[in-house]
Amino acid sequence: MVAELTGTMAEEIKQSNILIVDDNTANVALLEDILENAGYDEFTSTTDPRTVLPLCQEEEFDLILLDIRMPHMSGLEVMEVLSKHFPADHYLPILVLTAQLDQQTRQQALALGAKDFLTKPFQHWEALLRIQNQLETRYFYKRQIVRGDLLEREVAKRTEEIRSVQLEVVKRLGMAGEFRDNETGAHVVRMSRISEVIARGAGLDEKMCELILHSSTMHDVGKIGVPDRVLLKAGKLDDEEWAVMKSHVEIGSTIIGDYPADILWMAGVIAEGHHEKWDGSGYPQGLKGEAIPIAARIAAISDVFDALLSVRPYKEAWPLEKALAVMKESSGRHFDPNLLDVFFDKLDEILEIRQALPD
């Protein structure tokens, strides 16, 4: 008597897709009757072993009932072909039908992926029990795959949620610094998007462009630590005040810290290097040329350009023509000339960003 299953498991097992492979039509008819009488109605039969691979490529089977001795291809050869076309972790149980009980045949069959044997001639109850046992194992395998997929999607969802929170914190922290001398904080958003445009135009990879987009919002976070008397001064800074103003780079680096996350690492690179100049006259380290990280060189261009066109406590917004003229004059001195060429190539796109994100 076949052991009874209950609930969803029994229902799903009865819906299993079974492939019968035997060159003897009488054997095929017998197995079809056994399956149909037991409530299985999803099965395919073939008497030509050469059709097994195409059938398995066209649809997914849960069990193969496979004869060993057949013309054109033996059951062993069929299993060998299947093993070459499907990955090792593709669990497809094969129940071997054979009158051959010699040790060599059994060893070869097991080595090629056979999970069980049904010796001809067989009893109906034995056939059903062995079929059910294999389908139960297949059922649990498929359930595990489903659970694994669900877990993977849940992990991906949670990871994305954490990443979104991290990006939002970075963005807000960058805006906090900008609010000190700009009412809206829109500069950091524009500057970051302009930086991304330049990075893509320069041919940087997707990950680098995305890091620059998000990390550059923190380029001036150190302004949080600059006193209002300096940051908001309407007139020209004296030497002492200028030294205080330049300290925002060090303050920013301290705020960002050295936490081992890509976005914070990149934020530190940009915060520390976006006031360096191509000719070595910048600060804080006086780096020159390509010794300045490319992300900082990109940020320098986008930061200066947007700042020139923005109102600040110490200046009015410049006309576009004047700002572009200063940018061109600064090629090879303040800015990397190659990156500045990219800036001008992408100018229409950059101006669209400014128009879409006004102060």
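Annotations
- Computed from Cα atoms, the angle from the helix 206-215 axis to the main principal axis of the chain rounds to 50 degrees.
- C-alpha long axis of helix 347-356 to longest principal axis of the chain, angle in °: 90
- The relative contact order of the chain, computed from alpha carbon pairs under 8 Å that lie at least 6 residues apart in sequence, is 12 percent.
- In a reduced charge model with +1 at each Lys and Arg Cβ and -1 at each Asp and Glu Cβ, segment 7-151 shows a dipole moment near 500 debye about its Cα centre.
- Overall dimensions of the chain as given by Cα atoms, namely Rg and Dmax in Å: 35.1, 103
- Magnitude of the charge dipole, segment 179-356, Cβ model with Lys/Arg +1 and Asp/Glu -1, debye to 20: 340
- The C-alpha atoms of the chain define a longest principal axis, and helix 75-85 lies at about 10 degrees to it.
- Derived value for segment 179-356: Kirkwood hydrodynamic radius 16.3 Å. Basis is the mean of 1/r over every pair of different alpha-carbon atoms.
- Proximal aspartates and glutamates relative to Lys207, as straight alpha-carbon distance under 19 Å, when same-chain residues fewer than 8 apart are discounted: Glu160, Glu161, Glu168, Glu196, Asp262
- Each part gets one Cα centre, and for segment 298-317 versus segment 189-235 those centres are 11 Å apart.
- Ranking of Thr98, Thr25 by count of other Cβ atoms within 10 Å, fewest first: Thr25, Thr98
- Using the Cβ-Cβ distance between Leu357 and Leu150 with R0 = 30 Å, the FRET efficiency computed as 1/(1 + (r/R0)^6) comes to roughly 0.15.
- The eigenvalues of the Cα gyration tensor, multiplied by 5 and square-rooted, give segment 308-359 an equivalent ellipsoid with semi-axes of 20, 16, 8 Å from largest to smallest.
- Nearest-20 debye value, the chain charge dipole, Cβ charges on Lys, Arg, Asp, Glu: 1060
- Among Tyr91, Gly201, Trp125 - extreme Cα towards positive end, dipole of the chain, charges at beta-carbon: Gly201
- Share of pairwise Cα separations in segment 7-151, more than 21 Å, in percent: 40
- Given charges at Cβ of Lys, Arg, Asp, Glu: the chain dipole, positive-most of Leu82, Gly39, Leu237: Leu237
All of the numbers you see were taken from the coordinates with simple rules; none came from a lab. Being a predicted model, the structure only gives us computed values, none of them experimental. Cβ atoms come from the backbone with ideal geometry, glycine included; neighbour counts cover every protein chain shown.
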